[in-house]
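Read the structure below first, then the notes.
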Amino acid sequence: MSALRGHRGALACGAPPAPSSRRIQARSPIVSLQSTVPRTRWRVGLVAASAAVLLVSGVTVAVSAQAAAGCRVAYSTSAQWSGGFTANVGITNLGDPVNGWSLAWTFPAGQRVTQAWNANVTSSGSQVTATNVSHNGTIATNATVSFGFNGSWTGTNTAPTSFTLNGVACTGDVGGPTGQPTTRPPTSAPPTTRPPTTPPPAGNAMAAVAAMQPGWNLGNSFDAVGADETAWGNPRVTEALLDNVRAQGFNSIRIPVTWSNHHGAAPSYTIDAAWLNRVREVVNWALADGFYVMINIHHDSWQWINTMPTDRTNVLNRYNALWTQIAAAFRDASPRLTFESVNEPQFTGSSGDAQNATLLHELNTSFHRIVRQSGGGNATRLLVLPTLHTSADQPRVDELVSTFNTLNDPNLIATVHFYGYWPFSVNVAGGTRFDATVQQDLTGVFDRVYNAFVSRNIPVIIGEYGLLGFDRHTGTVEQGEKLKFFEYLGYYARNRRITTQLWDNGQHFGRTSFQWSDPELFAQIRSSWTTRSGTASSDQVYVPRTGSVTAKSLTLNLNGTTFAGLRQGNTDLANGADYTVSGNTLTLTAAAVTRLVGNRAYGVNATIQARFSQGVPWRISIITYDPPVLSNATGPTSSFAVPTQFRGDQLATMEAKYADGSNAGPHNWTSFKEFDVAFAPNYSANSITLKPEFFAEVNDGQRVTLTFHFWSGTTVTYYVTESGGNVTGSTS
């Protein structure tokens, strides 16, 4: 994050505030098990696991005379812990070249895939299907492609014993051109499979970064500016926290570290031993848990590195001294530890983009030289280099490409941050919905870094992602709209082969409770790591409290899934009687709506789920409402609130204009004010607060017309006048 306590500005997010084969009887399969990994001691919650490599062979299949077909699969469990495991799968094509593949198998003990890389994986019960992604769809004769996944298990974690590739059993044999089986002898040993706790060899940075997906940020702890890791309100980091984060399915952890308060004076800038040892302790805990780990120089970027335009020598000396010590301290650490040169680099008082690019290039190349020359594991350690502001704007990307070209090092990773289209991310300027503009902003960012780096086999990590409004609370953006955002983000990151690391400063995963503050949100994020989910135009159906109850419709966003039905609790709703589907339009019948609203009390009367062929269900709230009623009020600008009877409705946004039609209040380039900054609903107190930040930019004595937009579609007008620090509010 780019500023104190994890709060960010528009600049940091990179978005300015502007507007048929034949089958014959098979022989019994032969399963060969081979231990390939020495036993590793794991801490509490983890168990040692040797990599069990499964070679599926001895099943003969005849295929059509038009093409030879055959395949061999190597399946390995490379890591296992209580309730979870990591598996790698290698597919060797023994027949004619394959263009587009689908591998299917059945788990014998009820295991489930929770997250995958280098394949799209879907499940139906114990049946699993993995299909190629864009870069590995072609398998030449005798070539091998690989993918991996994390899974969950209970009881036993028995390996599957048979696989089919594009509907043909993988036997280790190939069918000849006459369609008769032509047996090939099995290989003496399966392909070597590397466990995720050992990174790929030097030069295979793409595979290593793929294995890091997904990632999580330990935000607002070691990056806190203050005496120690608790300075910004989070508790001390514990082994149990890291164990529990790992159990959620995360494979990498970014540990931001701010060093400014923890080193001595020039010229040595000696890092406090206690601080360095504490950072090393937590890094070692994370490595022992099987994480890939990233550490960096974090908020120093805006505390003192930003003065480099006017204080270049001192800044560079200090920066180099810190990285010299950090590199030495972690010289012999696991190669799963990565270094990031600096978080969100920025410069104050520069002459412009050209100087900014020159300074960041100097920082990145100096960092690279220091780490590589320190030797040991650092000679080939994966290093992460950011763009200016970690922005994905094309000029910033082009600048970093130039640095990569200069360094010509295969063990480099590019990084940017992504917090979405700014108006949507903070809920300002009417950006209340995940619409085409928001989606296009996301695809633009991901496409730019894909084209610049990934397409050239340079890996990319989105080192932080989320929504900026989350810095205040996750309710700043409406639930369904943010679920659609995260569903699409996970999908498109997979599509572009980009690894993502969720920013969490404590607002998502409880540091001591080890519970998600919004389980529905995390379920959507976790699902997006492996598959798409269906959604809808809204997660709310508003029904007026008075008058006849009518049918209600929503538009389904299938996202490559198929609609499977509606369910209330454990009861399936009846197609025809309760709902109909025409194309992508889902309609709840009047009879169903009448039953769901019951006595029509204000608020949520019922919750149903739209279920799809894959992914998580889409929750739909059935809500009874009447238009909200606002009342007159007076009070100081420091604590002015509009008395509001919400009557089941919820506030989406607020407009503010003067009598002449010009925009009033902060962000006067738009009439729509920022949610929870200029205004905030308080449903328990039956009020809408107009915050001091709003009145600070309202003209004294000028009447302001406020238009409150509610999610039902209702709008309510209200008027306020501020004079000498006091506010008068009225409905007329």
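What value in Å³ per residue do you get for the convex hull of the alpha-carbon atoms in region 614-718? Mind showing how you got there, number by number?
Details: hull volume 14.0 nm³, N = 105.
Once divided by residue count, the hull of region 614-718 is 133 Å³.
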Query - Which of Ser687, Val416, Ser631, positive extreme of dipole for the chain (C-beta unit charges) - result: Val416
Query raised in the report: Given 0.36 nm per residue, what is the gain on full extension from Gln515 to Asn284 after removing their alpha carbon distance, in nm?
Result: 80.8 nm
Report summary line: Of the accessible area of the chain, computed with a 1.4 Å probe and all protein chains kept, carbon and sulfur make up a percent value of 49
Query raised in the report: Could you give the dipole magnitude of region 212-293 about its Cα centre, charging the beta-carbon of Lys and Arg +1 and that of Asp and Glu -1, in debye to the nearest 20?
Result: 120
Query raised in the report: In nm, what is the difference between 0.36 nm times the number of residues separating Ala140 and Ser732 and their Cα-Cα distance?
Result: 205.7 nm
Query raised in the report: What chymotrypsin sites (Phe, Trp or Tyr not before Pro) in region 479-536 are in a loop by DSSP, with at most 16 other Cβ atoms within 10 Å of the Cβ?
Result: Phe514
Query - chymotrypsin sites (Phe, Trp or Tyr not before Pro) restricted to DSSP loop in region 296-355 with at most 16 other C-beta within 10 Å - result: Trp304
**Report entry** Hypothetical label at Asn584: residues of region 531-549 whose amide nitrogen lies under 12 Å (7 Å Cα-Cβ projection)
**Finding:** 535-538
Query raised in the report: With a Cα-only, solvent-free Debye model of the chain, what are the log10 I(q)/I(0) values at q = 0.06, 0.08, 0.10 Å⁻¹?
Result: -0.42, -0.74, -1.09
Report task. Compute the distance in nm between two label points, each set 7 Å from the Cα along the Cα-to-Cβ direction, one at Asp398 and one at Ser631. Result -> 6.0
Query raised in the report: With a sphere of radius 15 Å drawn around the Cβ of Ala452, what net charge do the other residues whose Cβ falls strictly inside it have (Lys, Arg +1; Asp, Glu -1)?
Result: +1
Query raised in the report: Dipole size in debye (nearest 20) for the chain around its Cα centre, Lys and Arg Cβ +1, Asp and Glu Cβ -1?
Result: 2200
Query raised in the report: Relative to the present Cα-Cα distance, how much length would full extension add between Thr156 and Thr555 at 0.36 nm per residue of separation?
Result: 139.4 nm
Query raised in the report: In square angstrom, what is the accessible area per residue of region 376-527 with a 1.4 angstrom probe?
Result: 28
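The values are calculated or read from the model by the stated rules, or taken from the named source; none is laboratory data. These figures come from a predicted structure and were not determined experimentally. Here Cβ is always computed from backbone atoms with ideal geometry, including for glycine, and neighbour counts include all displayed protein chains. The area values use the complete protein model at the heavy-atom level, side chains included, leaving out ligands, DNA and RNA. Shrake-Rupley method; radii C 1.70, N 1.55, O 1.52, S 1.80 Å.
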